[in-house]
Amino acid sequence: MERRTLGRTGLPVTALGLGTLTMSPMQRNLPVDEGARVILAALEGGIGFVDTAQGYRSYPQVARALAEWRGPRPTLASKSAAKDAAGMTRAVEEALMALNVEVIDVFCLHAVKDPDDLRAREGAVEALLEARRRGLIRAVGASSHWLGALRVLAGDPRIDVLHPMFNRQGVGLLDGSLDGMRQILQRARAAGQGIYAMKPLGGGHLRHQAVQALAWVLQQPEIDAAAVGMASVEEVTLNLAVARGQPVSPELASRVAQQSRRLFINEMLCQRCGRCVERCPQQALSRQPGEAEEAGRIGILYERCVLCGYCSADCPVFAIRVI
Ligand code: SF4
Ligand code: SF4
């Protein structure tokens with residue numbers, strides 16, 4: 001497994017990182033034991049970088065795997081959408097406790113939407129800088145789907161690591177092109193920021209070309225690593241083979257491609273509050289116009305949805321699932 005360094009942080013990562021959103025209660029909802037088994041299979045296969053988030057609720061799965069793992073500890077990244085200093089300080093403490101570790105390697109602002117959103121999170125940035133000074137985290141990061149946000153995050157001296165949406169077809173990039181994203185990442189890289197890509201398979205849209213899409217992202221000179229969601233040992237096996245440059249059997253590629261997923265809103269639970277519509281960075285959700293019964297019902301544009309899970313994290317009644 002190719003090992004790299006996450007920009008100026010000096011943190012060791014493997015090019016292929018494990019993302020835990022797909023196994024979390026937000027998506028496939030694997031029991032803790034089963035999620036831990038998938039993570040352990042990845043670690044045994046040589047993956048040394050694990051990405052989680054406060055909003056994914058996957059800490060128990062990661063913690064169980066870490067408790068059972070006898071090898072070197074993987075580099076750990078987490079994130080929080082906390083807007084202020086107190087919330088971010090609590091988020092770091094929660095991650096340390098829940099994962100049962102003394103330090104989180106990378107802690108990111110989760111899903112920065114635009115420059116105004118970054119300004120509104122000044123307190124959260126300060127809290128992360130303070131956590132870094134205190135040795136509770138090693139690097140401050142920021143994740144985003146948006147070129148508008150990444151343009152200001154690239155080169156920001158307070159931000160050590162970027163976690164951008166980056167895949168071979170530019171799936172999910174609503175405010176710019178893949179080339180535009182590449183230029184931003186080149187600037188970030190020149191400034192020494194570490195970069196690990198999210199959604200290399202476009203939130204499932206590229207699953208029918210998973211081998212090519214994953215091989216592509218791992219070869220891009222702009223990134224140090226890619227976090228790939230894995231929720232089965234079969235997915236781990238396929239991804240490890242691609243990362244090692246080994247052939248993948250057509251049967252395995254086809255089985256993994258058939259594990260299609262899509263967003264589902266439980267109408268029985270939905271209160272039509274509209275929070276998910278506000279939260280979706282892809283403009284994939286909308287409130288339906290109409291009379292009585294229909295008014296405020298949430299419509300889904302599946303071709304825009306990248307299964308990032310932000311809407312389900314914000315739903316007060318947990319009505320949104322990926323099935
Ligand atoms: S946030 Fe949840 S309850 Fe509110 S409209 Fe969306 S699905 Fe319905
Ligand atoms: S609908 Fe939900 S999961 Fe899909 S892109 Fe929007 S926020 Fe992400």
Legend entry - Residue satisfying all of: in region 9-51; small (Gly, Ala, Ser) and in a loop (DSSP other than H, G, I, E, B); modelled with the lowest pLDDT among these: Ser24
Inset, instruction - Tell me which residues, restricted to region 270-323, are within 11 Å of ligand 1 (Cβ to nearest atom) and among the basic types (Lys, Arg). - result: Arg272, Arg275, Arg279, Arg287, Arg297, Arg321
Inset, instruction - List the number of the failed condition for Met230; all other conditions in (1) of a type outside the set (Gly, Ala, Ser); (2) more than 16 Å from ligand 1 (Cβ to nearest atom); (3) not assigned by TED's automatic domain parsing to the domain that holds Arg8 hold. - result: (3)
Inset, instruction - Using the structure shown, decide if Gly296 is more than 10 Å from ligand 2 (Cβ to nearest atom), among the small types (Gly, Ala, Ser) and either over 30 Å from Leu43 (Cα atoms) or in contact with a Cys (Cβ under 6 Å, 6 or more places away or on another chain) (or both). - result: yes
Inset, instruction - For region 280-288, state whether one or more residues are closer than 16 Å to Leu206 by Cα and under 18 Å from the mean Cα position of the chain (by Cα). - result: no
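Yes/no matrix, rows are residues, columns are (1) outside the structural domain of Gly229 (by TED's automatic domain parsing); (2) within 21 Å of Tyr56 (Cα to Cα); (3) touching a residue at least 12 places away in the same chain (Cβ under 8 Å); (4) touching a helix residue (DSSP H, G or I) at 6+ places or on another chain (Cβ under 8 Å):
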site	(1), (2), (3), (4)
Gly274	yes, yes, yes, no
Arg279	yes, yes, yes, yes
Gly299	yes, no, yes, no
Asp314	yes, yes, yes, yes
Inset, instruction - For region 247-260, indicate whether the set of residues that are within 16 Å of ligand 2 (Cβ to nearest atom) and in contact with a strand residue (DSSP E or B) (Cβ under 9 Å, 6 or more places away or on another chain) is non-empty. - result: no
Legend entry - Filter pass, Asp179 being within 16 Å of ligand 2 (Cβ to nearest atom) and among the charged types (D, E, K, R): no
Legend entry - Verdict on Gln258 being within 23 Å of the chain's Cα centre (by Cα) and more than 8 Å from ligand 1 (Cβ to nearest atom): yes
Legend entry - Close pairs from region 236-257: first among the charged types (D, E, K, R), partner at pLDDT below 90 and surrounded by fewer than 18 Cβ atoms within 10 Å (Cβ to Cβ), Cβ under 8 Å, at least 6 apart: Arg244/Met1
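The values are calculated or read from the model by the stated rules, or taken from the named source; none is laboratory data. Since this is a predicted model, take the numbers as computed values, not measurements. Every residue, glycine among them, receives a Cβ derived from its backbone with ideal geometry; neighbour counts consider all protein chains shown.
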